[in-house]
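The values are calculated or read from the model by the stated rules, or taken from the named source; none is laboratory data. Computed from a predicted structure; not experimentally measured. No Cβ is skipped: glycine too gets one built from the backbone with ideal geometry, and neighbour counts run over all protein chains shown. Each accessible area value is taken on the protein alone, full model and side chains, heavy atoms only, with ligands, DNA and RNA left out. Shrake-Rupley method; radii C 1.70, N 1.55, O 1.52, S 1.80 Å.
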Amino acid sequence: MLESTDFRKVASGGFGDRHNSYAWSMAWFRDQLYVGTNRDIMWLFGKVGGHSYFDPFPVPLSPLAEMDLRAQIWRYSPATKEWDRVYTSPLTTPSLRQAVKAHRATRVFPGRRPPKRWRVSNFMTRRRARVLVREVLRLWLELARSGFKIAVGRDLGYRNIVVHADAHGAESMCVASVGAGGRLLRSTDGSTFDMTPTFPIRALVSLKGRLFASSMRSDFSAYPGVLESEDPAGGATVAESWRPASVTESGNTENNLIFEMVAFNGHLYAGTTNRSGFQIWKANPEGTPPYRWKKVVGGGGYKGSPGPAMVLSMHPFGEWLYVGCGRTLSGRDVFDPSPGELIRIAPDDTWEVIAGSGRETDRGFKAPISGLGAGFGNQLAMYVWRMETHGGWLYAGTNDATTFLRYTPKDRIGPQVARWVEQHGGVEKTLEAEAGFDLWRTQDGIRWTCVTRRGFDSPLHHGARTLQSTPAGLFLGTASNFFTDTTDPKTGQPGGGADIWLGAR
């Protein structure tokens, strides 16, 4: 059992580079910790019109040519207590023709074009979609005027790191990148990495000697899908390496994306995004794919319309699969987040609400078994971002939007948040009490204890983005994407860039 005093910071300020916004992925491989970063996420949001309600905008929106967006992979040795950077994305020169070619090459699923209703995101208005398209085209125009001479990072971030054991038991570390197109990095020694072109990967899971992935795009088929590979680097093309693990012509057409996947009880579970509320599906990946999938939870857990739109995290603990769900902010015109909920699912597909509101379901009334409301009682805890088991306890870290208040004009704050701020005595009092991610722990899923409510007194770190249990202790990586050029209001120290904390006794 870890208390807040058991955590110490082992890396700060984005490993000395505050443009490393998130510790986006984390894995323990060959007795060392690996962390994948992304770069200047708030700058990217601002460039495509995201978070339009901020005034002032938290980071300067410098021209693309001035930005170093190359994602990095860092390694930590508990024995020496030293970090070293083992990989940096190479530079590339963008080409519209190359982008179109890469897009066509990633069509793994046969099938028709997506229905027209899919072509605008379910999570933004048509006006916001037009703004997004206009800003993306403006960036392309900036590149075109330079003759496509601007070199940019090939990989903008490393969202997933998975230790994969193939059918023969050989282990490798697989890293999914985010950038133009898609690619998978693979390493057997933790020092050298081979790259294989793929589709843009959202979720990545190793199970039964195969690697399973979901695409970040829905345009490869009419429905979101899962793909599998026994040898991701074995084919000359994506289609030769990957095959469909789900049927493209079945499912719910309102599902926009498979946001998260996990292995539990020998099955593969997939959580979707859906305007009417998330769905959770499962399949036993045995025999010949595509497999038979069963819907376990629908309609955002019957919370009502609109229910929680997406599954953000899933983690097995004991006899249950724990699921964090909620909604994000980036496509909205006002600052009015709703707190995320936590549920858990049993192997027989029954499920319970852990933290959230009571509701009628197809299996009767469900009240939160912990007695805690959504967000563990924090109105601005948008969702449980990551969970991990360590020392017999389940730890759950949140994405807490409180710090957004510092950059949001009063007339752009939604009514629910306005009431929350009023209850705390104003914006500054709310920031003082709540800013920074929350970390909770439990031994039984019912009784929960708060480890920290303010990101270990680091209010500029709004998210517990990664958690990794290791023999050296529990590592926690933060998200701090707002503060590239900003100082901590409490300490006056530079506050940008991800931190890494280690909890150990």
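The table for this structure:
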{"quantity": "Residue match in the stretch 368-384 (condition: within 30 Å of Ala472 (Cα to Cα), open to solvent by less than 20 Å² (accessible area, probe 1.4 Å) and among the aromatic types (Phe, Trp, Tyr))", "calculated": "yes"}
{"quantity": "Qualifying residue in the stretch 172-186 (condition: over 25 Å from Ile280 (Cα atoms), of a type in the set (S, T, N, Q), open to solvent by less than 20 Å² (accessible area, probe 1.4 Å) and part of a strand (DSSP E or B))", "calculated": "yes"}
{"quantity": "Members of the stretch 425-443 found to be free of Cβ contacts under 8 Å to residues at least 40 places away in the same chain and surrounded by fewer than 17 Cβ atoms within 10 Å (Cβ to Cβ), listed by number", "calculated": "Gly425, Gly426, Val427, Glu428, Lys429, Glu432, Ala433"}
{"quantity": "Residues of the stretch 453-469 classified as outside any loop (DSSP other than H, G, I, E, B) and crowded, with 21+ Cβ neighbours inside 10 Å, total", "calculated": "6"}
{"quantity": "Index of the failed condition, Tyr322 passing every other in (1) aromatic (Phe, Trp, Tyr); (2) under 19 Å from Trp393 (Cβ atoms); (3) open to solvent by 10 Å² or more (accessible area, probe 1.4 Å)", "calculated": "(3)"}
{"quantity": "Residue under evaluation Thr402, criteria (1) of a type in the set (Ser, Thr, Tyr); (2) in a helix (DSSP H, G or I); (3) open to solvent by 40 Å² or more (accessible area, probe 1.4 Å), criterion not met", "calculated": "(3)"}
{"quantity": "So Leu268, is it at pLDDT 95 or above, of a type in the set (A, V, I, L, M, F, W, C) and closer than 29 Å to Phe54 by Cα", "calculated": "no"}
{"quantity": "Residues satisfying the stated conditions in the stretch 70-85, i.e. in contact with a strand residue (DSSP E or B) (Cβ under 7 Å, 6 or more places away or on another chain) and not in a loop (DSSP other than H, G, I, E, B)", "calculated": "Gln72, Ile73, Trp74, Arg75, Tyr76, Ser77, Trp83, Asp84, Arg85"}
{"quantity": "Selection from the stretch 338-367 of residues that are closer than 14 Å to Leu321 by Cα, over 27 Å from the mean Cα position of the chain (by Cα) and surrounded by 15 or more Cβ atoms within 10 Å (Cβ to Cβ)", "calculated": "none"}
{"quantity": "Any hit, the stretch 470-482, residues being over 18 Å from Ser4 (Cβ atoms), at pLDDT 95 or above and in a loop (DSSP other than H, G, I, E, B)", "calculated": "yes"}
{"quantity": "Verdict on Val417 being assigned to a helix (DSSP H, G or I), over 22 Å from Lys303 (Cα atoms) and open to solvent by less than 30 Å² (accessible area, probe 1.4 Å)", "calculated": "no"}
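The rows are residues; the columns are (1) among the acidic types (Asp, Glu); (2) modelled with pLDDT of 95 or more; (3) surrounded by fewer than 17 Cβ atoms within 10 Å (Cβ to Cβ).
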{"site": "Tyr22", "(1), (2), (3)": "no, yes, no"}
{"site": "Ala65", "(1), (2), (3)": "no, no, yes"}
{"site": "Glu82", "(1), (2), (3)": "yes, yes, yes"}
{"site": "Arg107", "(1), (2), (3)": "no, no, yes"}
{"site": "Arg117", "(1), (2), (3)": "no, no, yes"}
